[in-house]
C-alpha cells in the first residue's frame, strides 16, 4: 500500500497556535505523480480530441476548415506580396506557406496553452491532476491542425517542384525547437494568466506584432543590416528562417546558428517548466 | 494504520473586497492597499479515519466540510498541518466533470473516465460498463445535449462508481435520478461498504447519513465539534441549528 505524506507549513501565526514543528514543505507535484497509477497520455489525448471535435461541430465542412483557413490566407498573402508588391523571392509560394504554417502553430499553441488552466478550471478545481496535462492537451490540439497544414505544405512543395534534399533532415530538429518554444511560453504564461488576466490581452498583441516583426511574409535579408538584431534575438524568427533554408532552398544551415536556436528554445522550455512547477500548487485557489 | 490522518490543519482564505466598478476607482485602488476579508475555513482540524470506515461529515453551510475534503484530496494546500493518506484515493466532488453537451454519450464517458484516471487498457470496458449501469445503452451515440438532466447525472454517477480506489471522497453527490435509479445507487453503496472501502461522505441528507455511516463528524466554524455514533451527533447538529444563526456568513459549503 502506497503511503503518501504531505506536510505543509507557512510562516503563519496559525502554526504557532497549532504548536507544530513547521519548516519544510514537500513539493506537491511529486505527490501527485505517485498517487495515481495510470499514465496521463490518454487523458491528454482525450482533452485534445474533445477540443478538436467541438471546434468543428455544426459545420458542414467540418475538419476541412482547418485546411481552408490557412489556404485562403496563403492565397491572399501570395496575391498581395507576389503579384501586387512583387517581392523578388525565389520559390515564394513554398517560402510563404511554410512560414505562415509554422507561425500559426506557435500563435495558436501558445494562445491556447496560456488559456488552458482557465479553460479547464471546472475539472482542475474538482479533481487532482498534474496541472500541466491541460497545457499539453492544448498544444496537442493545435498540433493536430499543424500536422494537417504540413500535409498541405508537402502537397504544395510537390506541386511547385521543390525537391527535398538531405538538409531537410534538419527540419526535424527545428520542429522540436518550435514545439519546445511554444510549450515553454505556454507553461510560463499559463499560471501567471490565472492571476492576471491582462496577460491574455498582452500576449495577443505580442503575437500580432510578432507576425509583422518576424520575417514571415518577407525575407530576413530585406531588413537593413542595423535592424537584423531583431531577427537574431527573436527565437521564432530564427526557427522559421532556418526552416526555409533547409526545406525550401535545400541549403545546410550554419551549425552554430542551429545550435544557438536549439539552446534558446530548450532554455525557454526549461524556464517555463520551472515557473509552472513553482506556481502550479496554489493555482487552484485562483481559478 | 489510518487511511487518512489529518493533523492540526489550518486553512484561511483571503477574499478581497472588490468594490471598484469604474475605471477611475480601479486606477485609484492601485495606490491603496487592498483590503481582504479573512475567512478561516479550517482552524486546527484533527481527524483520523480508519480503513474500511464509512464516515459522514455534517455541518452548516460554510462550516468547512468541503474545504476539508479538498485538503484531504490534495486540491488545496493547508496553511499549516499535515495530511497523511495511505492507499489510492478518488475524490468525487462533482459528477460528470468535463462533460460537454456537444459530444456523444460515449465520448463524454471516455473523457470523464480518463479524468478519473482509469487505466488505459481497461478504459473501453469500463466505459461500456458505465453506460450499461446508467441504462443509457440506447443513447450511446447521441449527443449529451439531447439527454435529460437526470440522465446526465446518472451517467456521471455510473462512471464515477467504476473507480476502484481504496478511499472515496464524496461531496453531496449521492442518489441522483429517479426513485428506481436511486435504489440502484444505494445498492452500490452497500456493496462498496461490504468491500471495506474507506468512504468519506459530506451530506445534508441526514437520513442518508443515518443509514450508511457508522461514524459521523460534526463541523462548526471550521472545527470538529462532535464525533461518534450517527444518532448522537445528528441530535447535536439539530440542536446547533435551533439557536439564532451565527454571524459567520455562509460561504460555499
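The values are calculated or read from the model by the stated rules, or taken from the named source; none is laboratory data. In this text the structure is predicted, and so the values were computed from the model without any measurement. Backbone-built Cβ (ideal geometry, glycine too); neighbour counts: all protein chains shown.
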Check: Within region A:109-128, how many residues turn out to be free of Cβ contacts under 8 Å to residues at least 60 places away in the same chain and facing chain B (nearest Cβ under 8 Å)?
Finding: 4
Next item on the list: Can you run down the residue pairs with Cβ atoms below 8 Å, 6 or more apart or on separate chains, where the first is in region B:109-128 and facing chain A (nearest Cβ under 9 Å) and farther than 16 Å from residue B:156 by Cα and the partner is in a helix (DSSP H, G or I) and modelled with pLDDT of 80 or more?
Entry: B:120/A:41; B:120/A:42
Next item on the list: Kindly state which helices (runs of 4 or more DSSP H) lie completely within region A:175-271 and contain at least 3 residues that are touching a residue at least 40 places away in the same chain (Cβ under 8 Å) and more than 30 Å from residue A:124 (Cβ to Cβ).
Entry: A:235-243
Next item on the list: Return the total of residues in region B:111-168 being touching a strand residue (DSSP E or B) at 6+ places or on another chain (Cβ under 8 Å) and part of a loop (DSSP other than H, G, I, E, B).
Entry: 7
Next item on the list: Mind counting the residues in region B:89-108 that are assigned to a loop (DSSP other than H, G, I, E, B) and more than 7 Å from chain A (Cβ to nearest Cβ)?
Entry: 4
Check: Only one of (1) at pLDDT below 85; (2) within 30 Å of residue B:166 (Cα to Cα); (3) facing chain B (nearest Cβ under 7 Å) is not met by residue A:43, so which one is it?
Finding: (1)
Next item on the list: Kindly indicate whether residue A:94 is out of contact with any strand residue (DSSP E or B) (no Cβ under 9 Å at 6 or more places or on another chain) and modelled with pLDDT of 95 or more.
Entry: no
